[in-house]
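The values are calculated or read from the model by the stated rules, or taken from the named source; none is laboratory data. Note that the structure is predicted; figures quoted are calculated from it, not measured. Heads up, the Cβs are rebuilt from the backbone with ideal geometry, glycines too, and the neighbour counts pull from every protein chain shown. Ligands, DNA and RNA are excluded from the accessible area calculation, which covers all protein heavy atoms including side chains. Shrake-Rupley method; radii C 1.70, N 1.55, O 1.52, S 1.80 Å.
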Amino acid sequence: MFNNRNLLVTGGTGSIGSSICDHFNKNGCKEIYSTTTNMSKVKSNQDYIKFKELNLNNIGDLNLDEIFNFDIDYLVLNAGLNKDNIFLRMSTDDWNNVINVNLNSSFHLLKHFTKKMVKKKFGRVVFISSVVAYTGNPGQANYTASKAAISGLVKSLALELSTRNITVNSVAPGFIQSNMTDKLNDDQKNTILERIPMKKLGNSYDIANAVGFLCSEDANYITGQTLHVNGGLALI
Amino acid sequence: MSDIEERVKKIVVEHLGVEEAKIKSDSKFIDDLGADSLDTVELVMAFEEEFGCEIPDDAAEKIVTLKDAVTYLSANSN
């Protein structure tokens, strides 16, 4: 499906990031690149991925031409973190850190890679957003702000790049079994499950499949959209 | 016509698909030669490649005519 195409997924050691890499690898993607904050997180079955160790928090200070001196067709902006707290207790550092990694890093990566995509007149950009960007979530003002900002970015970028056969979309996961939801306690999980019509958490491959679809030829005419993958939790 | 002007013109002809005779020194890429804003980005990338130099965004924004490109590249190319 992805023959002779190259992919970069940020945050390829997390649950969703690993599944995206695996999905593209199993479907014929040529080179798979990824980023991680620490090479020790790379799993033994990820030797097919070419990792770059870097911190997206300060990516604006790095020389991206040197680090990313390769060509890609698919860019999946997946890396993200959360630093939850009620807003009145949220520190400036936690606000900035989340906005930097989840939103600002995309600015720098997109500047670097979309230039090359414009030149070759092909590209598929997929952001990983979140259902809470659309519903809000107490304790996640920074996280929801960063993810909601992506939805505007997706639309503007989709319009700007559409004449060059570059599509820009996002996938908004609901609650997915992942390193992020593993942090929740049983009470929190049960409360969430009650709200999900399908009565189960999603699987990281549910997200990987949606990303794969948006990069596939079947989605050639889809741009500026958000695909909600949330078991019915929020119908938007 | 200088060597630089000739090379710049060749790139403009190739990228915008316009006839060479229609390109004047003060022709604006967007207003006169039918380029869109992304074409100007591509033109700048092509200039960078041809002349082996890097054109920063603030300088690139000021290159709106053939003459602007020739002036910039005469002063900054290797």
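Would you work out the Kirkwood radius for the protein assembly as shown? I mean one over the mean of 1/r across all pairs of different Cα atoms, in Å.
Kirkwood radius, the protein assembly as shown: 21.3 Å.
If you place +1 on the Cβ of every Lys and Arg and -1 on the Cβ of every Asp and Glu, how big does the dipole about the Cα centre of the protein assembly as shown come out, in debye to the nearest 20?
Using Cβ point charges on Lys, Arg, Asp and Glu, the protein assembly as shown gives about 1200 debye.
Quick one, can you get me the convex hull of the C-alpha atoms of the range A:1-133 expressed as volume per residue in Å³? Provide the component values of the computation, followed by the final result.
On the way: hull volume 16.0 nm³, N = 133.
Taking only Cα atoms, the range A:1-133 has a hull volume of 120 Å³ per residue.
Which of A:Lys52/A:Lys115; A:Lys30/B:Lys9; A:Lys120/B:Lys10; A:Lys116/A:Lys183; A:Lys30/A:Lys111 have a Cα-Cα distance over 27 Å? Walk me through the numbers on the way to the answer.
Numbers: A:Lys52/A:Lys115 20 Å; A:Lys30/B:Lys9 37 Å; A:Lys120/B:Lys10 19 Å; A:Lys116/A:Lys183 38 Å; A:Lys30/A:Lys111 23 Å.
The pairs that break the limit, which is 27 Å between Cα atoms, are A:Lys30/B:Lys9; A:Lys116/A:Lys183.
So if I take the centroid of the Cα atoms in the range A:51-77 and the same for the range B:17-44, what is the distance between those two points in Å?
32 Å
Which shape class applies to chain B: rounded if a/c is under 1.5, otherwise prolate when a/b exceeds b/c and oblate if not, where a ≥ b ≥ c are the square roots of the Cα gyration tensor eigenvalues? Spell out each step's value before the answer.
On the way: a/c = 1.58, a/b = 1.21, b/c = 1.30.
Verdict is oblate for chain B.
Among A:Leu157, A:Ser146, A:Ala208, which residue has its Cα furthest toward the positive end of the charge dipole of the protein assembly as shown, with +1 on Lys/Arg Cβ and -1 on Asp/Glu Cβ?
The one lying farthest along the dipole's positive direction is A:Ala208.
I need the helices of chain A that pass two filters: whole DSSP H segments spanning 24 Å or more by Cα along the axis, and mean Kyte-Doolittle score no lower than 0.0.
Long hydrophobic helices here: A:141-161.
Need the C-alpha centroid separation for the range A:109-181 versus the range B:51-65, integer Å.
The range A:109-181 and the range B:51-65 have Cα centres spaced 29 Å from each other.
Could you tell me what % of all Cα pairs in the range A:84-236 have separations over 26 Å?
On the way: 3560 of 11628 pairs.
Here the long-distance tail beyond 26 Å is 31 percent of all Cα pairs in the range A:84-236.
Quick one: accessible surface of A:Met198, probe radius 1.4 Å, all protein chains present, in square angstrom to the nearest 10.
Number for this one is 120 Å².
Please go through the range B:5-78 and write out the trypsin sites (Lys or Arg not before Pro) that DSSP classes as loop and that have at most 15 other C-beta atoms within 10 Å.
Answer by residue number: B:Lys24, B:Lys62.
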